[in-house]
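Below: one structure, written as structure tokens.
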Amino acid sequence: MSKKLKIGLFGFGVVGQGLHDIIRGQDLNLEIIKIAIKNPEKKRSLDAYLFTTDHDEILNNKEINTIVELIDDADAAYNITKRALISGKNVVSANKKMIANHLAELVELQEKHGVSLLYEGAVCGSIPIIRNLEEYYNNELLHGISGIFNGSSNYILSKIFNENMEYGVALKQAQDLGFAETDPIMDVGGYDPKFKLAIATAHAYGLFVDPADILNIGIQNLNDDDIRYAKEKNFKIKLVPTARKISSKQVVTYVLPKFVKSDDFLFNVENEYNGVTVQAAFADKQFFFGKGAGGHPTGAAVLSDIAALRYDYRYEYKKYHQQNGLIHTDSVNIEVYLRYSNEDTLAQLQVENIVERFSRQDYKYVIGSISLKTLLENRSLLEQKDVFIAHTGRYTYTEQQIQTVTEEEVFFN
């Protein structure tokens, strides 16, 4: 028998309204008691008595046993979530930045107060990747998880590669459709997929990685030369977050544009869709595909979490508690395409093993290896407008690294 959930909802934007649309008319043994909003003057489709601008009216209401947090402000979301957990209320959230930045503390609060925080809607919209990493892959040895985690940047890249649209035009179209913000850097700069990757890594490997330690380089500096190069090689460029074991005890994480070949699952993931590839030791390569943004897809993921709370479901974080000895490292060399204008850039990034080089007055690139550590140390250089970097999908190892890496892991891409 499921228990009745009495919900306090924070936020009634695209996802909040999408969730309400899905709930309406279904017999789910739950009730929305109150909805917190920012703008009381805005016309709403629901009765006025449901809405409040006072957070305390929800958080201090003893009748409400479940908080659903769907606001954009990560700091406010953190305060709401923390207060709710401490007061014994379960929480469902879709705020990836808040969860990624505070996950270790929030896990501790859940355990201390005997409550649950669920956040399937925070990572890849309608794709149930967190629950799968937590449950299905509970005892699997995962070699890697990667994919397309951001619908806005993927929409832009789809328009560029499928319709020959210019970057600026594609970005404007994404903004007009509501896929990208007025300031799109969170999406096109790779910050949004970085937060999602940090959360996924916690469930895939039991590692709580500070997002500040994850390299994120985006597509904002992509130009016509980079696009032409990719098309000549029959590649598409996708913005791909990756968490990957490089040895039995080491995991690397990063978000980089990547040259994707036609035989890659991600090659045909277009527009606002997301795709997640999981490479497992026994189940081999598996692929999850679905809409990564929008009110109804994300609302469906949020509702899945709400429904699970009726049966007291919670993430167990088994891999974290097992203390399996895994560590997060930047000790790997990644082969990249690097467009640059100043020769000093090559020296600063310590590019090695150059296998391809091209130079003319207005366009220079090399393909070579750079250590992830060096890339992290030179983030500001990589964000300059005359620089663009994309992962080729290949890795190189020093002799010392090869001693700790299995053959199977060396050749996993």
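The values are calculated or read from the model by the stated rules, or taken from the named source; none is laboratory data. Predicted model only: the values in this text are computed from it and were never measured. Here Cβ is always computed from backbone atoms with ideal geometry, including for glycine, and neighbour counts include all displayed protein chains. Surface areas here come from the heavy atoms of the whole protein model, side chains and all, with no ligands, DNA or RNA. Shrake-Rupley method; radii C 1.70, N 1.55, O 1.52, S 1.80 Å.
What the chain shows is 44 Å² of accessible area per residue, with the surface traced by a 1.4 Å probe over protein heavy atoms. Here the Karplus curve 6.51 cos²θ - 1.76 cosθ + 1.60, taken at θ = phi - 60°, turns the phi angles of region 136-142 into couplings of 5, 9, 4, 10, 7, 8, 8 Hz, with x standing for Gly and Pro.
Measuring only protein heavy atoms, the 1.4 Å probe finds ARG24 accessible over about 150 Å². Ranking SER304, VAL366, GLN350 by how far each Cα lies toward the positive end of the dipole of region 267-383 (charges on Cβ) leaves SER304 at the top. The count of lysine pairs in region 116-256 with alpha-carbon distances below 14 Å, taking only pairs 8 or more places apart or on different chains, stands at 4.
Only beta bridges with both residues in the chain are counted; by DSSP, about 65 percent of them are antiparallel.
Select from the chain the helices, each a whole stretch of DSSP H, whose alpha-carbon atoms run 30 Å or more along the helix axis and whose Kyte-Doolittle mean is at least 0.0; answer none if there are none.
none
With just the Cα atoms defining each centre, how far is region 216-259 from region 120-187? Give it in Å. Spelled out, the Cα-based centre of one part sits 13 Å from the other.
The solvent-accessible area of PHE289, taken with every protein chain present and a 1.4 Å probe, is close to 110 Å².
Centre-to-centre separation between the Cα atoms of region 309-350 and those of region 1-62: 37 Å.
A cut-off under 15 angstrom between Cβ atoms defines the neighbours of GLN26, and their net charge, with Lys, Arg +1 and Asp, Glu -1, is 0. Rounded, prolate or oblate: which fits the chain when a ≥ b ≥ c are the square roots of the eigenvalues of the alpha-carbon gyration tensor, with rounded for a/c under 1.5 and prolate only if a/b beats b/c? Here the chain falls in the prolate category. Accessible surface of THR53, taken over heavy atoms with a 1.4 Å probe and every protein chain present, rounds to 80 Å². Qualifying trypsin sites (Lys or Arg not before Pro) in region 48-157, where qualification requires a DSSP coil assignment and no more than 12 other C-beta atoms within 10 Å, comprise LYS62. Each Cα pair under 8 Å and six or more residues apart adds its sequence gap; the mean of these over the residue count of the chain is a relative contact order of 18 percent. Remark: the Cα gyration tensor places region 1-102 in the rounded category, a/c being less than 1.5.
Helices in the chain, meaning DSSP H runs of at least 4 residues, each add -39500 (n - 2.57). Divided by all residues, the mean residue ellipticity at 222 nm is -9500 deg cm²/dmol.
If we sort 218-224, 378-384 on the protection proxy, mean other Cβ atoms within 10 Å, highest first, what's the order?
So the peptides 218-224, 378-384, ranked by packing, come out 218-224, 378-384.
Within a Cβ distance under 9 Å of TYR337, other residues only, what is the Lys/Arg minus Asp/Glu net charge? Surrounding charge for TYR337 is -2. When only the Cβ of Lys, Arg, Asp and Glu is charged (+1, +1, -1, -1), the dipole of the chain relative to its Cα centre reaches about 640 debye.
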